[in-house]
1. Debye sum, Cα scatterers, the protein assembly as shown, no solvent: what log₁₀ I/I(0) at q = 0.14, 0.17 1/Å?
2. In debye to the nearest 20, how big a dipole does the protein assembly as shown give about its Cα centre with +1 on each Lys and Arg Cβ and -1 on each Asp and Glu Cβ?
3. Could you tell me the extents of segment A:21-132's C-alpha atoms along the three principal axes, largest first, rounded to whole Å?
4. Report, to the nearest 10°, how far helix B:9-30 tilts away from the longest principal axis of the Cα atoms in chain B, using its own Cα long axis and a range of 0 to 90°.
5. Output the 0 to 90 degree angle, nearest 10, between the alpha-carbon long axis of helix A:110-132 and the longest principal axis computed from the alpha carbons of chain A.
6. What do the square roots of 5 times the Cα gyration tensor eigenvalues come to for segment B:41-84, in whole Å, largest first, as semi-axes of the equivalent ellipsoid?
7. Of A:Ile89, A:Phe39, A:Val120, whose Cα points farthest to the positive end of the dipole of segment A:21-132 (charges on the beta-carbon: +1 Lys, Arg; -1 Asp, Glu; origin at the Cα centre)?
8. Taking Cα atoms, how many degrees apart are the long axis of helix B:58-81 and the longest axis of chain B, rounded to 10 and kept between 0 and 90?
Amino acid sequence: MAQYTQFQPKAYRPRMSAYWYLDQWHYLRYALRESSSFFVAYFCVLTLVQLAALGAGAGRYAHFEALMRCPLMIIINAVALAFFLLHSITWFNLVPRVAMRQMLGRPTPDMVSSAPNYMVWFGATVILALFFLGVL
Amino acid sequence: MSAGKRSNEPVVWFLFGVGGFFAAYFLPVHVLFYGLLFPSGLVHAPGYQQTLALVRHPLTRLYLFALLTFCFFHAAHRMRLTMSDVLNLRHLNTVLAFLCYGGAIVGTIVTVWLLATV
């Protein structure tokens, strides 16, 4: 059983600046990448608002469309798009770090591991765009 | 960790991972059209009836349910870790977990309700 001593050893807790992510570009990129989650949540809520407006009738949906035309909303959505692109690119570039990376017994190059995700992304974007435009 | 006590981390990391792929594949085109191109008038926006017909299709409802649910949990997990690590709020970890995952659960319930009633 441990005996009481007058001078207890303290755990080492290095002091960290509240703005540590500004120290290096890598830290800032990490903080920006993680911050994309706030815009994901924002856009999910915005989609729920759109669904609620759709269910409430043509008048309410016209109000929703008018809200979306507001310059502030367009600026926020442009920033959200930038964060979504950052999320997509960093996410697909992470795949080679976590996926099985052997093909025919040899290590697979990073780009070969990431490329299928970029192709699926492109295909999904085209198909959804055609649905949104009413072509499909 | 005591013997026999299971961690719930695999569940939240699974939801985070699947949501990350959904967000990476699908959200950019959603915000590009419904957040920028349609509102700014650069592309002619579909009318109310056309949008309603699209959303009422069973496959669209299924797609939107998966998209929104997984994205809510993806965002919840990352927001919790961001606030905990980036903003140095580790001492509020339990509160953050309750708010973030609770928000994701509420978002999922609202999603189901709206998709069922639209």
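Bear in mind that the values in this text are calculations on the coordinates, not laboratory data. All figures in this text were calculated on a predicted structure; none of them were measured in a lab. Here Cβ is always computed from backbone atoms with ideal geometry, including for glycine, and neighbour counts include all displayed protein chains.
1. Taken in order of the listed q values, log10 I(q)/I(0) reads -1.06, -1.41.
2. The dipole of the protein assembly as shown has a size of about 540 debye.
3. In descending order, the Cα extents are 61, 40, 18 Å.
4. The helix B:9-30 is inclined about 20 degrees to chain B.
5. Rounded to the nearest ten degrees, it is 30.
6. The equivalent ellipsoid of segment B:41-84 has semi-axes of 31, 16, 6 Å.
7. The residue sitting farthest along the positive end of the dipole is A:Val120.
8. Between helix and principal axis, roughly 40 degrees.
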